[in-house]
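Written out below as structure tokens is the structure these notes cover.
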Amino acid sequence: MESYDKWRGRARGDAGGESPDRTGLAALSLPYQVVGAVALAVIGLVACFHVGVVFLHVAPSNTLSKRYGGTVDDWVMPEFEQNWKLFAPNPLQQNVAVQVRAEVARDGTREVTPWIDLTAEDAAAIRGNPFPSHVQQNELRRAWDFYANQHDGDRVDALRAGLSERYVRRIAMMRLEEHRLGGRIERIQVRSSTTRVAAPPWSREETDTRPYYRVQPWWTVTAADLPGGVTGGRTVEGVR
């Protein structure tokens, strides 16, 4: 009586039932095996390159990171940016919102709008969106970080401070354009609202969750604050 293994081998078409099943790449024809092997090799090389570049990005300054700094930044920024703010010793413990209001001229009068929370608008666009854009996630946040760092006490670089201010002003005008305030925007004012994250219920730590505002002076809107397509309530000639 023939064995069960021999019978099963014949049912599979194997000679004598002794040849094992081929799996993975071995189950494909030779051309497909070559294509699969090349694809796996490329994926492996890209993965190794990515890990190496990210390591150079987060590692202390060294000969390689200095020599290839531009290549590293081009690959990592902004999608794969790494930082340590999530971890000890100083994890982020506060929420920062950027808000703006405008002085609008209409019908011979000027009115000041209520504060518009630009950060809340970004959060609303991200919430529930499986593929939020980099602009929604990082543009405003990074711009404000840049501005705040360049206007921090004695550590002020005039060139970078001016650049960071113009960057924030242009973003604010782009966002206000979407609100259609019904007049010509003459001036804008920006502020940040910083609120500490409340301690968890099981903690005995007392946290002051009242918002702290950092209010900037009023900025007069100029043509330099109007990126392409933004009018600020002006005519085409006024934008020019």
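The values are calculated or read from the model by the stated rules, or taken from the named source; none is laboratory data. Because the structure is a prediction, the values reported are computed rather than measured. Ideal geometry is used to build each Cβ from the backbone, glycine not excepted, and the neighbour counts take in all protein chains shown. When the accessible area is computed, the model is the full protein with side chains, heavy atoms only, and any ligands, DNA or RNA have been set aside. Shrake-Rupley method; radii C 1.70, N 1.55, O 1.52, S 1.80 Å.
Taking all protein chains as shown and a probe of 1.4 angstrom, Thr119 keeps an accessible surface of around 40 Å².
Can you put Trp202, Trp115, Trp219 in order of accessible area, largest first, using a 1.4 Å probe?
Values: Trp202 210, Trp115 70, Trp219 20 Å².
The most accessible residue leads, giving Trp202, Trp115, Trp219.
Between Gln137 and Ile43, what length in nm is gained on full extension when 0.36 nm per residue of separation is reduced by their alpha carbon distance? Provide the component values of the computation, followed by the final result.
Working: separation 94, 0.36 × 94 = 33.84 nm, distance 2.83 nm.
Computed gain between Gln137 and Ile43 is 31.0 nm.
Surface analysis of the range 108-223 yields an accessible area of 65 Å² per residue, using protein heavy atoms and a 1.4 Å probe.
The phi torsions of the range 55-60, fed into the Karplus equation with coefficients 6.51, -1.76 and 1.60 and a -60° offset, translate into couplings of 4, 5, 5, 9, 6, x Hz, rounded to whole numbers, with Gly and Pro shown as x. Once the Cβ-Cβ distance of Asp73 and Arg191 is raised to the sixth power relative to R0 = 45 Å, the FRET efficiency obtained is 0.90.
A 1.4 Å probe, protein heavy atoms only, puts the accessible area of Tyr68 near 100 Å².
Relative to the present Cα-Cα distance, how much length would full extension add between Arg127 and Leu30 at 0.36 nm per residue of separation?
Details: separation 97, 0.36 × 97 = 34.92 nm, distance 4.78 nm.
That works out to 30.1 nm of additional length.
Taking amide H atoms as placed 1.01 Å from N in the peptide plane, the amide H of Ile116 lies under 5 Å from those of Val100, Arg101, each 5 or more residues away in sequence or on another chain.
Using the Cβ-Cβ distance between Phe55 and Tyr213 with R0 set to 41 Å, the FRET efficiency from 1/(1 + (r/R0)^6) comes to roughly 0.55.
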